[in-house]
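Everything on this sheet refers to the single structure shown next.
The values are calculated or read from the model by the stated rules, or taken from the named source; none is laboratory data. Owing to the predicted nature of the structure, the values given are computational and were not obtained by experimental measurement. Here Cβ is always computed from backbone atoms with ideal geometry, including for glycine, and neighbour counts include all displayed protein chains.
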Amino acid sequence: MGFLKMPFRLIMLVVLVQLLLLAMSCHRGTSRASTASAAHAQAKPGCLNRCGDVEIPYPFGTEPGCFLNEDFRITCNDTHFNPPKPFLWDSNIDVVNISIDGHLNVMQYIASDCYDRKGNSEPSYDATISLSDFTVSDTGNNLVVIGCDSYAIVSGFLGEDSYESGCRSTCDSLDYVTNGSCVGIGCCQIEIPGGLKELDVEALSYNNHTNVSSFNPCTYAFVVDQSEFHFTSNYLALGGIPDQFPMVLHWEITTNKTCEEEKICGLNASCDEPKDNNNTSSGYHCKCNKGCEGNPYLSDGCQDVNECEDPSLNNCTRTHICDNIPGSYTCRCRKGFHGDGTKDGRGCIPNQNTALKVALGVGISFVFATMIISWLHFLWKRRRYMKLKEKFFEQNGGRILQRELSKLQGQSSEKAKIFTEEEIKRVTNNYANVIGRGGSGDVYKGFLPDRTPVAVKKSNIVDHKKNDEFINELVVVSQINNRNVVRLLGCCLETQVPLLVYEFVGNGTLFEHIHEKDKGKATNNLSWEVRLKIAAETAGALSYLHSETNVPIIHRDVKSANILLDEKYTAKIFDFGASKLVPIDEIIKNTILKGTSGYLDPESCQTSKLTDKSDVYSFGVVLAELLTGEKALMSDGQEERSLAMHFLSSLEQNRLLEILDGRIVNDGNKKQLKEVARLTARCLSVRGKERPTMREVALELKGQYF
């Protein structure tokens, strides 16, 4: 099966290699684009290349000898601006971008005409720009008028002829004004022709804004690059509009001589023929020859492009040899191939001997690549498996467990075995034999390699919110060494849910023997003597937990269902998921209620305080079950009643013999039954201080039994 998957893995490897090559190609393309951009923006050697954020390419410049002529002089103002700002000549025309292709982006001040609420005029301003030999570009500049009682006039010269045009904008209310719409309602725009010089914009009002002064006291007008303008109704308010807007100018080199005579362009560059289209252009532009890039106005600004470095720039096949030549490239085939080496030509065809060698080489390479990929895949799967086990170890509280167990160093307890997931599957025959299901998990029967039966508890914890309970149970049980407590043999933490391995106790629970006749348990074998033995052993185990371990342990869920019986009816306590380690004489306050209804200490329920007397009360309910054969919550078909309260009430009314299990009344010592009943009542006292300790209970039951 692994071999069948090899072609897919090889394809994935090829795809990854191609993606890597593509990324390298893109990187080379980016580098080339960056280099080209830098070359285009080159200033004359020894001259300032930048003013603030704006690059200054030749024929523009900031110092004598750095610009072609006065038309291209840039003033870099670093006195009043930080960072410095470039301006055309000695004007206030703010330059924001210079393009080698003949475009110049500048900022233009706006014209305004404002009035107060009575219609009195305030200072107005016209926007005038004198462009020398530069002109307004034909790439989409618009005259824009903003206002609700407004119109504007733009004038200038188009070649030898004068030009004048205008646009009007009106509105009665802001309700009619739409953001982004400039069609005459609050905003009007018209396209102006390229080639205009000495541009003048005048803002005017029809009625001095008297009807709209509450929301629009001014007329604003300006020429703007239409791609950089987006109308908003905020512009209608006083002071709501910027001081400047961008527009695009056209520049070219004018001369009475030809471009070649003037030697305008550098090496590897040529002149664009002058265009005289409605008097919009009559000068020259330079451009790099095909196969070159850079600044064509510098003597050596256009450099040869190496098309062989970028596959997108050449037409050679993959098996080619690309040779770069000035302004172009050639393709030829490698040794062992013949043809012209081009994609749209004959390409490169392998010679006969070469084809055999290539086939053999490909075959060997494929086998070798298959072996390498298989090995890498194996290592990857192994690493992933190890990482997954580490992840589960962390999720299942492995670090917390290590920390808690380290606190118990030096204490006498058998070391629990750490099982692997594979060992657990072999022990349980892949979880085939379920012997119990509960709220905290499922229990499976299994056998160790020496055929010792075990019970494997698989926790239901998936969201890991109850990790502390699981780790608590593991820590508690690992330090217990008592014949009447189920012994922990080991654990497994490298699975998605944690696992605990216990000794197997195969005769069911005390609850089943007392209450579940329909399940075939040998209920009749629970004579009074056996019941007293079970009670004494359980009390002894709880006494051990309370007073004989290094740190006292409160079980918190003592009940007949948590007492297992072996074939000799020896009692064994289990399920320590809710248990607490409690320092001596300490009372746990504000504890979260744990346990089973019917067995819960009423004092703990009221005070939220946990003591060892909580286990005493729960054990008292178990004693009542042994004496009466009734469940902790009795049901008469309509409602449930507490066995503890029923037992205490019957004892007070001197009706003990009426509530005792008939099977033990006949074979038990009545005096002994009464003594155990009185002990049960003391355990069930509502006030914890009036209850005996588990040690006292164990000694009294042991005395009764022996």
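Checked against (1) at pLDDT below 85; (2) part of a strand (DSSP E or B); (3) basic (K, R), K287 passes all but condition (1).
Taking L131, is it farther than 30 Å from D71 by Cβ, in contact with an Asp or Glu (Cβ under 8 Å, 6 or more places away or on another chain) and aliphatic (A, V, I, L, M)?
So L131 does not fit the description; no.
From E625, E696, E640, which residue is at pLDDT 90 or above and surrounded by fewer than 18 Cβ atoms within 10 Å (Cβ to Cβ)? Of E625, E696, E640, the one residue that is at pLDDT 90 or above and surrounded by fewer than 18 Cβ atoms within 10 Å (Cβ to Cβ) is E696. Candidates I185, I146, I129: the one that is β-branched (V, I, T), within 49 Å of the chain's Cα centre (by Cα), buried (at least 23 other Cβ atoms within 10 Å of the Cβ) and within 27 Å of T232 (Cβ to Cβ) is I146.
Hey, does the range 185-192 have a residue that's out of contact with any Leu (no Cβ under 7 Å at 6 or more places or on another chain) and under 27 Å from G159 (Cα atoms)?
yes
Taking each residue of the range 480-494 that is on the phi > 0 side of the Ramachandran plot and modelled with pLDDT of 85 or more and looking for partners that are surrounded by 22 or more Cβ atoms within 10 Å (Cβ to Cβ) and of a type outside the set (D, E, K, R) with beta-carbon atoms closer than 8 Å, six or more apart or interchain, yields nothing.
Every condition in (1) among the hydrophobic types (A, V, I, L, M, F, W, C); (2) over 53 Å from the mean Cα position of the chain (by Cα); (3) closer than 22 Å to W528 by Cα holds for V621 except the one numbered (2). When P692 is tested against the conditions (1) assigned to a helix (DSSP H, G or I); (2) closer than 25 Å to T549 by Cα; (3) not aliphatic (A, V, I, L, M), the lone failure is (1). Among the residues of the range 221-248, those identified as farther than 20 Å from G166 by Cα and β-branched (V, I, T) are T232, I241. Filtering the range 557-578 to residues that are in contact (Cβ under 8 Å) with a residue 60 or more places away in the chain and part of a loop (DSSP other than H, G, I, E, B) leaves D557, V558, K559, D566, E567, Y569, T570, F574, D575, F576, G577, A578. Go through the range 196-212 and give me each residue that's out of contact with any Asp or Glu (no Cβ under 7 Å at 6 or more places or on another chain) and not in a strand (DSSP E or B). Matches in the range 196-212: N208, T210.
Here's the yes/no breakdown for (1) farther than 25 Å from A536 by Cβ; (2) outside the structural domain of W528 (by TED's automatic domain parsing); (3) β-branched (V, I, T):
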residue: G598; (1), (2), (3): no, no, no
residue: E603; (1), (2), (3): yes, no, no
residue: D612; (1), (2), (3): no, no, no
residue: S618; (1), (2), (3): no, no, no
residue: V622; (1), (2), (3): no, no, yes
residue: A632; (1), (2), (3): no, no, no
residue: D636; (1), (2), (3): yes, no, no
residue: F647; (1), (2), (3): no, no, no
residue: R655; (1), (2), (3): yes, no, no
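Cβ-Cβ distances below 6 Å connect the following pairs, each with a first residue in the range 144-162 that is assigned by TED's automatic domain parsing to the domain that holds I185, a second residue that is part of a strand (DSSP E or B) and aromatic (F, W, Y), and a separation of six or more residues or different chains: V144/F222; I146/Y220; G156/Y163. Only one of the listed residues (T178, T139) is closer than 30 Å to N289 by Cβ and part of a loop (DSSP other than H, G, I, E, B). That residue is T139. With respect to (1) loosely packed, with under 15 Cβ neighbours inside 10 Å; (2) free of Cβ contacts under 8 Å to residues at least 60 places away in the same chain; (3) over 23 Å from C188 (Cα atoms); (4) not hydroxyl-bearing (S, T, Y), the lone exception for C76 is condition (1). In the set (1) without any contact (Cβ under 8 Å) to a residue 24 or more places away in the chain; (2) more than 21 Å from P217 (Cβ to Cβ); (3) outside any loop (DSSP other than H, G, I, E, B), the condition left unmet by D90 is number (3). Sort out which residues of the range 252-266 are in contact with a Gly (Cβ under 8 Å, 6 or more places away or on another chain) and closer than 22 Å to C292 by Cβ, and write them in order of number. Result: E252, I253, G266. For the residues L238, L199, the requirement of being aliphatic (A, V, I, L, M), closer than 25 Å to H285 by Cβ, at pLDDT below 90 and over 44 Å from the mean Cα position of the chain (by Cα) singles out L199. Annotation: of all residues in the range 230-272 being assigned to a strand (DSSP E or B) and in contact (Cβ under 8 Å) with a residue 60 or more places away in the chain, the one that is surrounded by the fewest Cβ atoms within 10 Å (Cβ to Cβ) is Q244.
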